[in-house]
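The values are calculated or read from the model by the stated rules, or taken from the named source; none is laboratory data. Bear in mind the structure is a predicted one, so any value in this text is a computation, not a measurement. All Cβ positions, even for glycine, are placed from backbone atoms using ideal geometry, and neighbour counts span all protein chains on display. These accessible areas exclude ligands, DNA and RNA; they are computed on the full protein's heavy atoms, side chains included. Shrake-Rupley method; radii C 1.70, N 1.55, O 1.52, S 1.80 Å.
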Amino acid sequence: MAESIICFKTNCPKVTSISFPGEQKCNGVYHLKAAQSHVNLSLRSIEIPRKWYNLVADLPVKPPPYLNPGTFEPVKPEDLSPLFPKELIKQEGSTERYIDIPDEVIDIYSLWRPTPLIRAKRLEKLLDTPARIYYKYEGVSPAGSHKPNTAVPQAWYNAQEGIKKVVTETGAGQWGSALAFACCLFGLTCEVWQVRASYDQKPYRRMMMQTWGAKVHPSPSNLTEAGRRILQMDPSSPGSLGIAISEAVEVAATNSDTTYCLGSVLNHVLLHQTVIGEECIKQMEAFGETPDVIIGCTGGGSNFAGLAFPFIREKLSGKMNPLIRAVEPAACPSLTKGVYAYDFGDTAGLTPLMKMHTLGHDFIPDPIHAGGLRYHGMAPLISHVYEQGFMEAISIPQTECFQGIFVLHFYSPVCPDCPRMSYSIICSHADDTVTLSGALQFARTEGLIPAPEPTHAIAATIREALKCKETGESKVILMAMCGHGHFDLPAYDKYMQGSMVDLSFSEERIRASLANIPQSSF
């Protein structure tokens, strides 16, 4: 493996820690000679999974069914046929443990899969923790996130059934760009309704979608009855995923040549994402590690489920017993503040009723929330797993996701024997210092700029690693790193300019939203 040499100047009397393995002193400067700290398992030593894993098959208590909102009876396959192709409807209700991945899908997966599992040794060193931190990085996909894992099979199944056009919603644009990418591979027309706040704040995501041939509308729009109704009530509405879903579903339901695709929440979406966890189990085995704690961010839940569900299988079988923790934004805390009840998946009430943790289908997150993860509800299957006690959940305010607690001292002298600038070290000196954030800590140690969504997982991982520092425990922490933030830099700019604020959670606002949840005795 290649060696990296880092110079550490040691003449500051306030340095609190500068003990590293393999260090050699040279002219008052320490050189660190070690294998690259991004310990990255050879990707091609792990095969792309050939089957998706269905957690429903192994759950001791099966999840509640979806309900027809007109009859309050369990949904039948024909109820979903105006929206989805037959094979995806079959997968949505399947109780089979494994479902074969089509060869054509695996061929496209191979453009970026398997994805790397990386040991975050530089972050560990910065935190001075005995914990070992790994992250499964999905940002290497063409769209820069985990979303193509389901976009590709959804587009393929639609193409196989002769569908020519698909519609969808998107928030930050990761799902919309993933579906646009997948549709252009199979010759499908793609139309996207993007939450208005994100449409305005993140123009490069829109440009990505358009580059791959998609037509993109801000939501709410005047193109649908659902959108017009919202605009009549609030002409300046920032939109929500629930509203955007209503618009896309309305178009699919009223056009026989069009189907609807969803990027999270539904069972078949979570199913497709399990390639993440299946790969990761093999990669952890190759490292000789077993995770003690698994952490992932949750909005609708697809990224979290993709990593966690195969590990829950292993937990249920007694092969391991990791603590599995979902992390959601304090601005949209469906698991930790919502109610577990039947609710619509969209604002207009066009979808089936799903039993999930929900803030109410009328809930609209504040547009100044920069961290993504804006959906009013949680995936029904994750909600069920949470209710069964197989995982836990916390919420974190957005400033903690960006701001941190470490003050780092930077030196500028260059070692004469190694023409590199000196690296940062932990220091309590008050002069010439800079405070790094959680997200910036990660970027400046691991080199990857995370999307706002996984910064919630990073913040929770740092919490856990610092707890290990206090207790001396050498826990193995596995984190879901679902995408890069190259098109989300305005959120970083907002933090660095000092204009990012935490949103106060309004109990009154939630009560008003929850008051409109349908009442079901099922």
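Observations on the model:
- Comparing 312, 333, 348 along the charge dipole axis of region 310-353, the residue lying farthest to the positive side is 312, per the Cβ-charge model.
- Residues in region 383-400 carry Karplus couplings, in order, of 4, 5, 4, 5, 5, 7, x, 8, 7, 10, 9, 9, 10, 9, x, 5, 5, 5 Hz; the curve used is 6.51 cos²θ - 1.76 cosθ + 1.60 with θ = phi - 60°, and Gly or Pro positions show x.
- The modelled label-to-label distance between residue 111 and residue 189, using points 7 Å beyond Cα along the C-beta direction, is 2.2 nm.
- Heavy-atom surface of region 165-320, accessible at 1.4 Å and reported per residue (Å²): 31 Å²
- When both region 110-145 and region 150-213 are represented by their alpha-carbon centers, they are found 26 Å apart.
- Modelled spin labels at residue 140 and residue 100, positioned 7 Å past Cα toward Cβ, are 2.8 nm from each other.
- On full extension, the segment bounded by residue 256 and residue 470 gains 71.0 nm, given 0.36 nm per residue less the C-alpha separation.
- Multiplying each eigenvalue of the alpha-carbon gyration tensor of region 163-230 by 5 and taking the square root yields semi-axes of 20, 15, 8 Å, largest first, rounded to whole angstroms.
- Rolling a 1.4 Å probe over the protein chains gives residue 95 an accessible area of about 90 Å².
- Solvent exposure of residue 161, expressed as accessible area, is near 80 Å², computed with a probe of 1.4 Å over the protein chains only.
- Eigen-decomposition of the gyration tensor built on the alpha-carbon atoms of region 111-243 gives equivalent ellipsoid semi-axes of 33, 22, 11 angstrom, largest listed first.
- With both labels modelled 7 Å from their Cα along Cα-to-Cβ, the residue 493 to residue 229 distance reads 3.7 nm.
- Across the alpha-carbon set of region 206-339, the Rg to Rh ratio works out to 1.09, Rh being the Kirkwood radius.
- Whole-Hz couplings from phi, Karplus 6.51/-1.76/1.60, listed for region 324-336; x for Gly and Pro: 10, 10, 8, 10, 10, x, 5, 7, 8, x, 5, 6, 8
- Hz values of 3J(HN,Hα) by residue in region 482-492 - Karplus curve (6.51, -1.76, 1.60), Gly and Pro given as x: 7, x, 8, x, 4, 9, 10, 5, x, 5, 5
- 26 Å Cα-Cα reach of residue 494 towards lysines, excluding residues that sit fewer than 8 places from it in its own chain: 147, 202
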